[in-house]
Amino acid sequence: MSTTTDSAPVPETLGAQLVASATRCGARPAYRFGRAELTYAELLQRAGGVAAGLRARGVDPGDRVVIELPKSLDMVIAVYAVLFAGAAYVPLDPHAPAGRRARVLASAAARVHVHNSATATATARTGESEFWSIAADDWQERATPVDRAAPDLDAYVLFTSGSSGEPKGIVHTHASALACARMMAAHAGLNATDRLSGIPPLFFDMSTFDLFASDTVGALTVLFSEAHLRAPASMTALLETEAISVCYATPTSLQQALDHGGLAQRDLTALRRLIYAGEPMPVVALNRLIELLRDDAVVTNAYGPTETNVSHMYDLPPGEPWPQSDVPIGPPCPGVAARIESPDDTGAGELLIAGATLMRGYLDDPERTTAATIEREGARWYRSGDRVRRNDRGAYRYLGRLDRQVKLRGVRIELAEVEAAVCSLPGVALASAYVLRGEAAQPAGLRAAVLFDDTASSTGDDDLDNLLIALRDLLPAAAVPQALEAVTSLPLTASGKVDHAAFATLRHDS
């Protein structure tokens with residue numbers, strides 16, 4: 001085991017990191033939700049109690065445990081309980097459509113499925129998982145945890161959109177999660193006096209910063225409820241009243257705070273670091289934000305696919321409007337290597353990423369893992385599918401996707417998954433999904449064209465509305481098209497497949 005300069009062991013698992021923080025600053029608040037809070041010592045003991053319950057239910061190192069809980073202190077306790085048990089947590093969106101939830105549960109093959117009274121009735125029993133509906137008394141059990149994890153054991157599995165129509169599970173280890181948490185904490189200059197905004201839901205990869213980066217320094221994370229996120233004015237009020245000093249959010253949520261949350265009327269003097277990620281930030285909105293922040297506040301553009309955690313960060317000059325049409329994603333972070341695989345001499349090409357933050361692979365899918373990664377010069381590189389160019393200062397600029405993946409409101413969506421869902425519905429022969437773009441080339445809305453087959457009794461607006469209703473049971477909310485349109489034909493390639501690029505171009509030009 002490596003050591004620090006004062007010979008104190010360096011924590012090598014996420015649970016060991018919590019133990020170190022609780023030892024150093026156990027009385028300090030670790031998480032707050034509403035009027036309730038957990039100190040580091042309380043979190044450690046209560047996670048230990050739930051971990052004992054998991055072990056009693058047969059959870060062993062290497063197993064998976066589904067967590068289907070709303071944003072709460074109990075959710076944090078459950079995460080650390082699973083990690084101490086040596087298992088990997090699999091977040092499940094309590095509001096996900098029944099069809100998608102069932103597919104995730106089947107893929108996860110979890111030993112135990114943790115939920116509470118608020119989520120128990122919404123969940124269909126799937127597979128062999130034992131359902132543990134944790135009661136209030138269970139959450140209060142306390143025990144000194146035994147850390148059964150190891151650096152190379154899986155820590156969590158996040159499911160994202162898959163081009164085949166099936167969600168794919170991305171597996172990260174304790175080592176990759178810790179590497180990212182420490183790197184981001186160092187970049188943001190986190191310290192024990194910081195208050196972080198716990199905005200992203202657990203099933204979104206940005207949540208790992210709020211969970212694990214704060215623990216590296218003993219900072220406080222204020223959890224934002226789902227109600228806060230649905231009401232931008234409520235979210236901005238919490239930013240002010242909790243004196244949040246480090247905010248990590250998507251550009252979409254920040255723009256909603258600007259447009260509908262009265263952010264300009266809030267006192268943001270405590271906010272010293274604003275990090276955004278998940279999608280490009282429109283420069284007009286970015287500069288509106290910069291005007292509201294104190295002069296020394298730093299705005300950071302963070303980039304990284306779920307497969308690599310955050311790999312690049314770019315700090316904008318404090319207190320100055322950004323003069324260009326886009327913001328670089330920045331140079332590779334410490335411990336991360338990047339290279340461009342270019343098919344020509346333009347200098348632009350696919351971004352390849354290697355380093356300690358890289359995923360172990362896709363859950364139970366070695367073929368997909370092999371296709372997404374390559375071995376080169378003694379390192380394993382992830383093929384991001386993002387097209388970039390490096391400037392003369394070493395910063396990378398994002399130029400778009402090489403495939404048909406898009407990001408809407410920070411959520412990664414495979415257009416092929418949308419099309420597969422549409423085509424699975426009765427009466428549909430072919431479909432083509434596309435994104436209409438608004439100002440500054442920002443996605444304005446997801447749409448899909450539908451070609452009905454000969455069995456369709458009609459193709460009117462009511463039929464399209466019925467298809468949209470059915471899609472809500474098959475796709476996550478962000479992937480449900482805002483509108484469907486019936487078409488009489490779709491352009492085809494020479495091989496007889498739908499020419500999606502040609503159709504999207506046609507719609508953008510029309």
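The values are calculated or read from the model by the stated rules, or taken from the named source; none is laboratory data. This structure is a prediction, so every number in the text was calculated from the model and none was measured. Neighbour counts run over all protein chains shown; Cβ positions are idealised from the backbone, glycine included. Just the protein is used for accessible areas: all its heavy atoms, side chains included, with ligands, DNA and RNA removed. Shrake-Rupley method; radii C 1.70, N 1.55, O 1.52, S 1.80 Å.
Looking at segment 129-224, the strands (runs of 3 or more DSSP E) lying wholly inside it that each contain 1 or more residues that are more than 22 Å from P94 (Cβ to Cβ) sit at 154-160, 168-173, 195-198, 220-223.
If only residues of segment 402-430 that are in contact with a Phe, Trp or Tyr (Cβ under 7 Å, 6 or more places away or on another chain) and assigned to a strand (DSSP E or B) are counted, the one that is modelled with the lowest pLDDT is A429. Annotation: Q45 fulfils all but one of (1) under 18 Å from R195 (Cα atoms); (2) over 23 Å from the mean Cα position of the chain (by Cα); the unmet one is (1). Is it true that some residue in segment 332-342 is more than 15 Å from R393 (Cα to Cα), touching a residue at least 60 places away in the same chain (Cβ under 8 Å) and out of contact with any Ser or Thr (no Cβ under 8 Å at 6 or more places or on another chain)? Yes, segment 332-342 has at least one match. Does segment 252-300 hold any residues that are hydroxyl-bearing (S, T, Y) and more than 23 Å from the chain's Cα centre (by Cα), and which are they? T269 - this is the single residue of segment 252-300 that is hydroxyl-bearing (S, T, Y) and more than 23 Å from the chain's Cα centre (by Cα).
Taking the stated definitions as given, is D60 acidic (D, E), crowded, with 20+ Cβ neighbours inside 10 Å, out of contact with any Leu (no Cβ under 6 Å at 6 or more places or on another chain) and modelled with pLDDT of 85 or more? Walk me through it before giving the result.
Numbers: acidic (D, E): yes; crowded, with 20+ Cβ neighbours inside 10 Å: no; out of contact with any Leu (no Cβ under 6 Å at 6 or more places or on another chain): yes; modelled with pLDDT of 85 or more: yes.
Judged against the criteria, D60 is not a match.
Count of segment 277-309 residues, restricted to those that are touching a strand residue (DSSP E or B) at 6+ places or on another chain (Cβ under 8 Å), over 16 Å from G189 (Cα atoms) and of a type outside the set (D, E), is 14.
If the condition is being open to solvent by 30 Å² or more (accessible area, probe 1.4 Å) and of a type in the set (F, W, Y), then segment 304-352 contributes only Y314.
Within segment 233-248, the residues that satisfy the criterion of being in a loop (DSSP other than H, G, I, E, B) and either free of Cβ contacts under 8 Å to residues at least 24 places away in the same chain or among the small types (G, A, S) (or both) are A243, S245. Report whether or not R230 is basic (K, R) and closer than 20 Å to T193 by Cβ. Answer is no for this residue.
Summed over segment 237-254, residues that are under 17 Å from G34 (Cβ atoms) and β-branched (V, I, T) total 2.
For segment 370-429, taking the residues that are open to solvent by 70 Å² or more (accessible area, probe 1.4 Å) and among the hydroxyl-bearing types (S, T, Y), the one that is nearest to L254 (Cα to Cα) is identified as Y398. Checking each residue in segment 140-172 for being among the β-branched types (V, I, T) and either open to solvent by 20 Å² or more (accessible area, probe 1.4 Å) or modelled with pLDDT under 95 (or both) picks out T144, V146, T160.
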